[in-house]
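The values are calculated or read from the model by the stated rules, or taken from the named source; none is laboratory data. The structure presented is a predicted model; accordingly, all values stated were derived computationally and were not measured. Backbone-built Cβ (ideal geometry, glycine too); neighbour counts: all protein chains shown. Keep in mind that these areas ignore ligands, DNA and RNA; they rest on the heavy atoms of the full protein, side chains included. Shrake-Rupley method; radii C 1.70, N 1.55, O 1.52, S 1.80 Å.
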Amino acid sequence: MSLDGLFGLALGAILVNNLVLARLLGLCPVVGCGRRTEDALAMGAVVTAVATAVSAAGFALDRYLLTPLGAGHLGLVGLVCLVGGLGRAATALAARVAPRAPGNGAAFPMVAVNCAVLGVALINREAGFGALAATVHGFSAGLGFSLVAVLLAGLRERLDLAPVPRALQGVPITLILAGLMAMAFSGFSGMIAG
Amino acid sequence: MKPSRWASADFLREMPALGPAVALCPALAVTTSVRSALALGAVTAVALVGSDLLARPARCLLPARALFAVRLVAAAALVTLMEIGLARRAPELRASLGIYLPLAAVNCLVLTRGAASSVVEGVGLGAGLTLALGLVALAREFVGSGAVWGRVILGGGYNPALIALAAPGAFLVLGLAAGLYRLLVPAGRGRSKP
């Protein structure tokens, strides 16, 4: 893929086909755990790292292991193992490197089973991206996820001061908030040609 | 847990996606039609109970973390089998579910089952999720297209609110549904995250 195409892919993954707001992936961590901006940033950073790694590794898995063996139907099992393994490794690394980082402990186990990361790998597979395109897509999708997580966390911090009806407090109002954000982001559609 | 207990109390009190903030990705992504929603709910329920049953023999042998990995792989394998079956029997349904069908394997619900989880509880959760997905899909399909299960109910005079079928509408409908659920159903065993 040309540099132009890669740039369009990256920008598209962050804004137009945003992982959370357009493709509706990775919602459980964003809605359930992303309450403070620092936590959301940390979670986004880990998801970006894992998504990039899984995209690259997933491509290699498909190209060099599954296709030669004719085991394409094992793709999901293989990817799930990859996501689980890499997610676990990232969590352990984060705990080792920054033990007192915000959000360590609560949000991070979610990454290991994050449907966002597996979703990115599946999209890469379905679209038939090459190695570079898959990695760029994984990285940008992670950035898009981080963007939404941080924005939503910031909005939720503001929301703590607002008079929300009891029935809507917590998850329901967060979902409605995300819906309004999704409406705003849908304004980006058509920005990337092709 | 006695069958009578789950049938009356917890089944409706802790409907996934509406009560606890789990299984949000499918609740938003595939609820554009009742048919896909119920199909994915059924697949997730089978993966939930099946992975539990398959991991049971390993319960006494492996520590919790290893058990988690076993459950993950078991769920992925089951979902792959169901995916192949669905592609053979109902290819257009399989196509409409897209990448969200394989994602049922890493559904938060499937994997946050403790070491002491019971099969009956799993069946209850699966049934609750399917019902929740069905209800959300009913609202979205009805408002967004005036039809339910492909059968037109509101005739030509109805101008459908297409937003209900798009991503922003998904968030809004689920947020309002979760709020309504909290209003109507008394709180569960305190598992719901605020």
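A few points about this structure:
- Selected from B:Val22, A:Cys115, B:Gly146, residue furthest toward positive end of dipole (the protein assembly as shown; charges at beta carbon): B:Val22
- In chain A, the longest principal axis of the Cα atoms and the axis of helix A:171-185 are about 60 degrees apart.
- The portion of the accessible surface of the protein assembly as shown made up by carbon and sulfur, rounded to a whole percent, is 68 (1.4 Å probe; DNA, RNA and ligands excluded).
- Its residues counted as N, chain A yields a C-alpha radius of gyration over 2.2 N^0.38 Å of 1.06.
- The order of the peptides A:89-95, B:90-96, A:38-44 by mean Cβ neighbours within 10 Å, most packed first, is A:38-44, A:89-95, B:90-96.
- Cα-projected label distance for A:Thr67 with A:Ala92, points at 7 Å along beta-carbon direction, nm: 3.1 nm
- Per-residue mean of C-beta atoms belonging to partner chains within 10 Å, peptide B:159-171: 4
- Per-residue mean of foreign Cβ neighbours for A:182-192 is 2 (Cβ atoms of other chains, 10 Å radius).
- P(r) tail, the protein assembly as shown: Cα-Cα pairs separated by more than 33 Å, 27% of all pairs.
- Among B:21-34, B:166-179, B:59-72, the peptide with the highest mean count of other Cβ atoms within 10 Å heads the list, and the full ranking is B:21-34, B:166-179, B:59-72.
- Among B:Leu61, B:Ser96, B:Ala37 - extreme Cα towards positive end, dipole of segment B:35-161, charges at beta-carbon: B:Leu61
- 222 nm mean residue ellipticity, helices alone, for chain A (DSSP H n ≥ 4; -39,500 (n - 2.57); rounded to 500): -21000 deg cm²/dmol
- Assuming charge only on the beta carbon of Lys and Arg (+1) and of Asp and Glu (-1), the dipole of segment B:26-161 about its Cα centre is about 220 debye to the nearest 20.
- Shielding value for B:173-183 is 6, the average number of Cβ atoms from other chains within 10 Å of each residue's Cβ.
- Think of the protein assembly as shown as a dipole: +1 on every Lys or Arg Cβ, -1 on every Asp or Glu Cβ, centred on the Cα centre; then among A:Phe129, A:Thr67, A:Met1, A:Thr67 lies furthest on the positive end.
- Accessible area in the full protein assembly, largest first, 1.4 Å probe, for B:Glu121, A:Glu126, B:Glu141: A:Glu126, B:Glu121, B:Glu141
- At the residue level, B:Val152 shows approximately 110 square angstrom of accessible surface with a 1.4 angstrom probe and all protein chains present.
- In the full protein context, segment A:1-51 carries 36 Å² of accessible surface per residue, based on a 1.4 Å probe and ignoring ligands, DNA and RNA.
- Charge dipole of the protein assembly as shown (Cα centre as origin; +1 on each Lys and Arg Cβ, -1 on each Asp and Glu Cβ, all else neutral): 920 debye, rounded to the nearest 20.
- A/B buried area, accessible surface, summed, 1.4 Å probe, Å²: 3300 Å²
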